[in-house]
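All of the numbers you see were taken from the coordinates with simple rules; none came from a lab. Predicted model only: the values in this text are computed from it and were never measured. With ideal geometry, Cβ positions are generated from the backbone for all residues, glycine too; neighbour counts draw on all protein chains shown.
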Amino acid sequence: MSKKFNPFETMSRANLLAFIAHQARQIERLTGQNAELRARVEKLEGQQAKNSSNSSKPPSSDGLKKPKAKSRREKGKRKSGGQPGHVGKTLEMTARPDAVVVHALSQCEHCQQDLSGVAVADVVKRQVFDMSPMRLAVTEHQAQVKCCPQCGCQQRAAFPVGVSAPTQYGPNVLAQAVYLHSYHLLPLARLREGFADWVGQGLSEGTLQRALAQMAQAVAPALDTINDGRTRCEVVHLDETVGQSRLKKEEK
């Protein structure tokens, strides 16, 4: 069996020491580079793991990797859904449906016998509760015009109170618009788009503004009464903002 060649056996002591010193320098250099690269990798991984929930970065910087919002609500001891002893409530049938659709039985499914002339033994009812399609109902008011045969004066019948223009929106439309704007905080532009989609007629912003002004005028007496009673109460239960503004007004 031949002996493997060992290059270090042919090297002189001086050359061997030089080679060892060179290798030591190489190891030291590579060790430093390795430590530097490890530090860079840890820094990059740390930056990638940071988001708006664990650092001072704004939510807009999260991009598509937004962290899942964690609920601060404490987990309850009871399971979700109806609790034991809870009386459930379901949709109940009405005795006066708006429309009745009769599904006639004209043929036996088993023997194909004609059942058109057979008396109905029973009826199984099912009711569907749904909204009717929204549409504007137009009411035309016609005031009669007559000429008095006694004096020759031409007269016209009076229109009902509130009917003051050739075309106008009724109180129900305006009340719905005011409700959606004032309570549900729907902007005027979106409110116009909504009515255009619902009933095919977009209300102008001028019409909406006039309706809001009429509503404000109508509720002014009630608001004055509420404010008057509130100012005479010892405890008003206001938040900090309203409380501070009230104190500033009293100081003035």
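Shown is the FRET efficiency for Glu109 and Ser132, computed with R0 = 30 Å from the Cβ-Cβ distance and rounded to the nearest 0.05: 0.30. With each label modelled as a point 7 angstrom along the Cα→C-beta vector, the Ser116-Gln23 pair spans 10.8 nm. Computed from label points 7 Å out along Cα-Cβ, the spacing between Lys146 and Gln201 is 3.1 nm.
Which distance in Å, rounded to a whole number, links the C-alpha centroids of the stretch 94-113 and the stretch 186-202? Rounded to whole Å, the Cα centres lie 41 Å apart.
Taking the mean number of other Cβ atoms within 10 Å as a proxy for protection, how do you rank 38-48, 143-153, 121-131, 198-208 from highest to lowest?
Highest-to-lowest ranking by the protection proxy: 198-208, 38-48, 143-153, 121-131.
A cut-off under 13 angstrom between Cβ atoms defines the neighbours of Val173, and their net charge, with Lys, Arg +1 and Asp, Glu -1, is +3.
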